[in-house]
Amino acid sequence: MNIFQKEQASTVDPRTSRLSLSYIWVAFIAFVAAALCGVVQGMVRGGFLELPAWANYYQILTAHGVLMALIFTTYFIIGFLYSGVARTTGGTLHKAAIGYGWTGWVLMTVGTLMAGAMILTNEASVLYTFYAPLKAHPLFYIGLALVVVGSWLAGFGIFSRYRMWKRLNKGATTPLFVFMSVATFILWIIATIPVAIEVLFQLIPWSLGWTSSINLMLSRTLFWFFGHPLVYFWLMPAYIAWYVCIPKVIGGHVFSDSLARVAFILLLIFSIPVGFHHQLMEPGISEGWKMVHVILTLIVVLPSLMTAFSVFATFESAGRKKGGTGLFGWFKKLPWTDVRFFAPFVGMLFFIPGGAGGIVNASNQMNALVHNTMWVTGHFHITVGAPVALTFMGVAYWLIPVLTGRTLTPTANRMGMVQTVFWGVGMFLMSLAMHTMGLEGAPRRTAYTTYFDHPIALGWMDYQRVMAFAGGLLFVSAILLILILFYLTFKAPKGKTEYPIAETETPQPFPPVLERWGVWVGVLAVLIVLAYGYPIMEQIQHQAPGSAPWVTW
Amino acid sequence: MHLHRYEKIWLILGAGGLALFIVLLCVNAFAMGMAPPSNMTMIDPAKVNETPPFDKPGLVKVGENEYDAYMTAFVFGFSPSKMEVPLGATVNFHVTSPDVIHGFEIVGTNVNFMVLPGHVNSATHTFDKPGEYLVLCNEYCGAGHHVMATTIIVK
């Protein structure tokens, strides 16, 4: 049987399903553990809870960050993209792709357990940004390096599938899902190379005592080279769901195939050479170089505007096809009681203030108002914590039934709606409190404190209590989510669930140059050299006296 | 490649707004001198306490009601631990760290920057309102991070 039949399978074969499901379940186990850490933090900072002597606030904060930002996201993304690439290239994956996938899973899981053990034993309370010269146990860094290397292997699996499909389907248009997955993993691999260099050549030898000091500026520059594209690595799979899956869920079409591809190319190019906007308040980087990165950062607004237009255009045309008339009649025709649509839609609403806040953060000196305040914490809770997380949840509600050969029952759907409302209300209250107290100067990443009863700090207490309450709502939502996903994996009635992949209404050819990856990686390489070449050379040639390792927790 | 007319308008407005915004940021930073704190001075973190002027942290008068404040941020405090400045004074803060990374934020002002060992970072503020200003560390630095604070009294 030809596995690359023109008629696409509407589901995914068991071998791929097992792999995909294994990634997704690790993601959600990490998610619920991280949610527990989150609610504990909220209670501590709200003044409702005092930690026992064997636990420390910053240890729990490290666990929350590592598990949510690195483990939950990366595992879910790989599981989702593997399933979608299989679905759009014949419903299966060839042996090499499966092999890469499982090897990556094993490496990542070993790495996660190593890093997790170090956090649990309080050997690595350095937060998920692990800023030197705070020194964690070497196993923490080695564990994280394994997670990254494992994720590379998963990426090679996707590239391998893409190349095989191209070879066997000469002249055919690459499915949009595959194109976007390839772009996402090219971004991920390029973005993680510098942080891998930081971990392997700076942090590990230094934490083992082989080198006595570390070049701090270089380590920070390499970290933030990775730190910003990391957020696009979270966002692009959510965009894939918005562009490709949700239109099908609501009975619509892909609005514009070629513009979707252009948006992904722009995201790939303009999310990497921009890291200094995370370092605007730092010494040792000149004003001019900061501005270069600020400008490149802001260009990423364009693909986001394109995505917003395209998503709402899809909604409108689907709503009109169902009989919606007038300026906003189509809006009522959208499937508001379908969690597969409702959860990501709530996420999209969060993304509007989220994107606007991001522009504030990136705005050069304006950053001084919000840098390292709770505003920033609020910002990433309404970006990764709401649009990305809610989209992943919405995807999980249909993806897990697809992978297990079960169905999303009406009751499970209703429970999912309740779970979404809890998450949405919780995130809204929490991020509102965070943004407000951040503008008033409250610092992020800080345990319960009144700063010796300073009146300004006492004024933040009400917001901190709101955060604790909202953290409770979010935790209830997380528990509900896990229960529903457990039901969908093991208990829901057997049946055929369709993997939603939308297509354009009429065939839309796109300029072949869009798929010349060499060209785009070349453009990106030029931009990286322009934006980083001279500053990194300076940081190596004129480095400040190095820093010795410190353990201050 | 087909572009819907509304999308063209949407993108042109978006790109135009963006371009204007970037121009304003550049004017702000380079013509009006409001760039973010970017001091390029370096210092040996192991020898902060013996390197002038950080061997004697404190205020130095440099003009009529203008001062340089040399401070150190360390686990878990600031030196000098308390400062008094006259109302209306312009203070140029210069801060470094002998150990890990810290933050230097004067709540209610635009003074907010990173303090990296090996580097000196700076910002200026004119204290036009009297009161007890809260100075705190806003970059995680260890177990006592949340008690790392001091005050500046302006009267």
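The values are calculated or read from the model by the stated rules, or taken from the named source; none is laboratory data. Remember, predicted model here, so these are calculated numbers, not experimental data. As a convention, Cβ positions derive from the backbone with ideal geometry for all residues, glycine included, and neighbour counts pool all protein chains shown. For accessibility, only protein heavy atoms count, side chains too; no ligands or nucleic acids. Shrake-Rupley method; radii C 1.70, N 1.55, O 1.52, S 1.80 Å.
If you check every pair at least six apart or on different chains, which have Cβ atoms under 8 Å apart with a residue in region A:452-468 that is assigned to a helix (DSSP H, G or I) first and a residue that is among the aromatic types (Phe, Trp, Tyr) and open to solvent by less than 40 Å² (accessible area, probe 1.4 Å) second?
Between residues of region A:452-468 that are assigned to a helix (DSSP H, G or I) and residues that are among the aromatic types (Phe, Trp, Tyr) and open to solvent by less than 40 Å² (accessible area, probe 1.4 Å), the close pairs are A:ALA457/A:TYR451.
Per-residue answers, yes or no, for (1) in a loop (DSSP other than H, G, I, E, B); (2) buried (at least 16 other Cβ atoms within 10 Å of the Cβ); (3) among the charged types (D, E, K, R):
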| residue | (1), (2), (3) |
| --- | --- |
| A:PRO507 | yes, no, no |
| A:VAL513 | no, no, no |
| A:TRP520 | no, yes, no |
| A:LEU524 | no, yes, no |
| A:VAL529 | no, no, no |
| A:TYR532 | no, yes, no |
| A:MET537 | no, no, no |
| A:TRP553 | yes, yes, no |
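For region B:45-71, what are the residues that are among the hydroxyl-bearing types (Ser, Thr, Tyr) and surrounded by fewer than 17 Cβ atoms within 10 Å (Cβ to Cβ)? Even if it seems obvious, please write down each step before you answer.
Keep residues of region B:45-71 that are among the hydroxyl-bearing types (Ser, Thr, Tyr), which gives B:51, B:67, B:70.
Within region B:45-71, B:THR51 is the sole residue that qualifies.
Step by step: first the residues of region A:201-231, then only those that are open to solvent by less than 20 Å² (accessible area, probe 1.4 Å) and of a type in the set (Phe, Trp, Tyr), then the one that is farthest from A:PHE72 (Cα to Cα). Which residue is that?
Here the residue is A:TRP206.
Check region B:103-117 and report whether any residue there is of a type outside the set (Phe, Trp, Tyr), modelled with pLDDT of 95 or more and farther than 19 Å from A:VAL370 by Cα.
yes
Collect the residues in region B:30-82 that are in contact with a strand residue (DSSP E or B) (Cβ under 6 Å, 6 or more places away or on another chain), within 13 Å of chain A (Cβ to nearest Cβ) and among the hydroxyl-bearing types (Ser, Thr, Tyr), keeping them in residue-number order.
B:SER81
Any idea which of (1) in a helix (DSSP H, G or I); (2) among the hydroxyl-bearing types (Ser, Thr, Tyr); (3) surrounded by 15 or more Cβ atoms within 10 Å (Cβ to Cβ) is the one A:TYR499 doesn't satisfy?
All conditions are met except number (1).
Which one is modelled with the highest pLDDT among residues in region A:244-269 that are over 20 Å from the mean Cα position of the chain (by Cα) and closer than 21 Å to A:ARG516 by Cβ? Break it down stepwise before answering.
Of all residues in region A:244-269, those over 20 Å from the mean Cα position of the chain (by Cα) come to A:247-259, A:262.
Checking which are closer than 21 Å to A:ARG516 by Cβ leaves us with A:256-259, A:262.
Values: A:SER256: 89, A:ASP257: 90, A:SER258: 89, A:LEU259: 89, A:VAL262: 94.
The qualifying residue modelled with the highest pLDDT is A:VAL262.
Can you name every residue in region A:205-243 that is over 18 Å from the mean Cα position of the chain (by Cα) and part of a helix (DSSP H, G or I)? So that I can check it myself, show each step before the final result.
Within region A:205-243, the subset over 18 Å from the mean Cα position of the chain (by Cα) is A:205-222.
Scanning region A:205-243 gives A:PRO205, A:TRP206, A:SER207, A:LEU216, A:MET217, A:LEU218, A:SER219, A:ARG220, A:THR221, A:LEU222.
Considering region A:87-146 alone, what residues qualify as being farther than 30 Å from A:VAL178 by Cβ, more than 14 Å from chain B (Cβ to nearest Cβ) and polar (S, T, N, Q)?
Applying the first criterion (farther than 30 Å from A:VAL178 by Cβ) to region A:87-146 yields A:113-143.
Still in the list and also more than 14 Å from chain B (Cβ to nearest Cβ): A:113-121, A:137-143.
The one that is farther than 30 Å from A:VAL178 by Cβ, more than 14 Å from chain B (Cβ to nearest Cβ) and polar (S, T, N, Q): A:THR121.
Give region B:132-145 a look and list any residue that's closer than 17 Å to A:VAL126 by Cβ, crowded, with 24+ Cβ neighbours inside 10 Å and either more than 8 Å from chain A (Cβ to nearest Cβ) or not polar (S, T, N, Q) (or both), or say none.
To start, the set of residues in region B:132-145 that are closer than 17 Å to A:VAL126 by Cβ comprises B:137-145.
Filter once more, keeping what is crowded, with 24+ Cβ neighbours inside 10 Å: B:137-141, B:145.
Those that are closer than 17 Å to A:VAL126 by Cβ, crowded, with 24+ Cβ neighbours inside 10 Å and either more than 8 Å from chain A (Cβ to nearest Cβ) or not polar (S, T, N, Q) (or both): B:CYS137, B:GLU139, B:TYR140, B:CYS141, B:HIS145.
Can you find, within region A:28-47, the residue that is nearest to A:GLY385 (Cα to Cα) among those that are free of Cβ contacts under 8 Å to residues at least 60 places away in the same chain and under 22 Å from the mean Cα position of the chain (by Cα)?
Top of the filtered list is A:ALA34.
Tally time: how many residues in region A:120-146 are β-branched (Val, Ile, Thr) and open to solvent by 10 Å² or more (accessible area, probe 1.4 Å)? Step through it out loud before you land on a result.
Residues of region A:120-146 that are β-branched (Val, Ile, Thr), as a first pass: A:121, A:126, A:129, A:142.
Okay, now just the ones that are also open to solvent by 10 Å² or more (accessible area, probe 1.4 Å), so A:121, A:142.
Going through region A:120-146 one residue at a time, the tally reaches 2.
Just one of the numbered conditions (1) modelled with pLDDT under 95; (2) farther than 21 Å from A:GLY522 by Cα is not true of A:MET281; which one?
Failing condition for A:MET281: (1).
Mind checking which residues of region A:478-496 are among the basic types (Lys, Arg) and assigned to a loop (DSSP other than H, G, I, E, B)? Write out each step before concluding.
Taking region A:478-496 first, the residues among the basic types (Lys, Arg) are A:491, A:494, A:496.
Within region A:478-496, just A:LYS496 meets the criteria.
All but one of (1) within 30 Å of A:THR11 (Cα to Cα); (2) in contact with a helix residue (DSSP H, G or I) (Cβ under 6 Å, 6 or more places away or on another chain); (3) open to solvent by 10 Å² or more (accessible area, probe 1.4 Å) hold for A:LEU70, so report the exception by its number.
Result: A:LEU70 fails condition (2) only.
Answer yes or no: is there a residue in region A:147-165 that is polar (S, T, N, Q), in contact with a helix residue (DSSP H, G or I) (Cβ under 6 Å, 6 or more places away or on another chain) and open to solvent by 30 Å² or more (accessible area, probe 1.4 Å). Spell out how you get there, then give the answer.
Just the residues of region A:147-165 that are polar (S, T, N, Q), to begin with: A:151, A:160.
Those left that are additionally in contact with a helix residue (DSSP H, G or I) (Cβ under 6 Å, 6 or more places away or on another chain): A:151, A:160.
Filter once more, so that each one left must be open to solvent by 30 Å² or more (accessible area, probe 1.4 Å): none.
Looking through region A:147-165, none of the residues is polar (S, T, N, Q), in contact with a helix residue (DSSP H, G or I) (Cβ under 6 Å, 6 or more places away or on another chain) and open to solvent by 30 Å² or more (accessible area, probe 1.4 Å).
Among the residues that make up region A:163-184, is at least one of them aromatic (Phe, Trp, Tyr), within 26 Å of B:SER97 (Cα to Cα) and modelled with pLDDT of 95 or more?
Let us first name the residues in region A:163-184 that are aromatic (Phe, Trp, Tyr), namely A:165, A:177, A:179.
Add one more test, that the residue is within 26 Å of B:SER97 (Cα to Cα), and what stays is none.
No, region A:163-184 contains no residue that is aromatic (Phe, Trp, Tyr), within 26 Å of B:SER97 (Cα to Cα) and modelled with pLDDT of 95 or more.
Among the residues of region B:83-131, count how many are over 10 Å from the mean Cα position of the chain (by Cα), within 14 Å of chain A (Cβ to nearest Cβ), open to solvent by 10 Å² or more (accessible area, probe 1.4 Å) and small (Gly, Ala, Ser).
2
Quickly run through region A:261-291 and pick out the residues that are at the interface with chain B (Cβ under 8 Å from one of its Cβ atoms), part of a helix (DSSP H, G or I) and buried (at least 23 other Cβ atoms within 10 Å of the Cβ). Talk me through it step by step, then tell me what you get.
At the first step, the residues of region A:261-291 found to be at the interface with chain B (Cβ under 8 Å from one of its Cβ atoms) are A:262, A:279-287, A:290-291.
With part of a helix (DSSP H, G or I) added as a condition, the list becomes A:262, A:287, A:290-291.
A:LYS290, the sole residue that qualifies.
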